[in-house]
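Inspection log for the structure reproduced underneath, given as structure tokens.
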Amino acid sequence: MPKILTLTELEAAINFWRQRSPSVGEELRLCPEASSLATPYALMIIERRKELTVAELSERAQGALVAWRETLAQRG
């Protein structure tokens, strides 16, 4: 797995999880996977970062990222 994650990739992973498990409740709560990726995404925007290392993500976010990348690889 690549060690660097771009803002564009992170956004694509969030959108994947949002499509797979849409927001729920009146507050439109994100699924755990999308939620775990949303915080680093917001921080990247605030800090004007274009990329971050995968090691900077929480374990849950890393798991969501791995599952997203595996899905991409399966699609070929």
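Remark: C-alpha extents of the range 4-75 on the principal axes read 32, 32, 20 Å, sorted largest to smallest.
Available extension along the chain between Lys50 and Glu9 is 13.7 nm, counting 0.36 nm per residue and deducting the alpha carbon span.
Whole angstrom only: what separates the Cα centroid of the range 40-59 from the Cα centroid of the range 5-29? One Cα centre to the other: 15 Å. Once the GluC sites (Glu not before Pro) in DSSP loops with at most 14 neighbouring Cβ atoms within 10 Å are cut out of the chain, the longest remaining piece is 48-76. For the chain, leaving out every one of the trypsin sites (Lys or Arg not before Pro) that falls in a DSSP loop and has at most 10 other Cβ atoms within 10 Å, the longest unbroken run is 4-47.
Rule-based calculations on the coordinates, nothing more; no lab input. Because the structure is predicted, anything quoted here is derived from the model rather than measured. Positions of Cβ are backbone-derived with ideal geometry, glycine not excepted, and every protein chain shown enters the neighbour counts.
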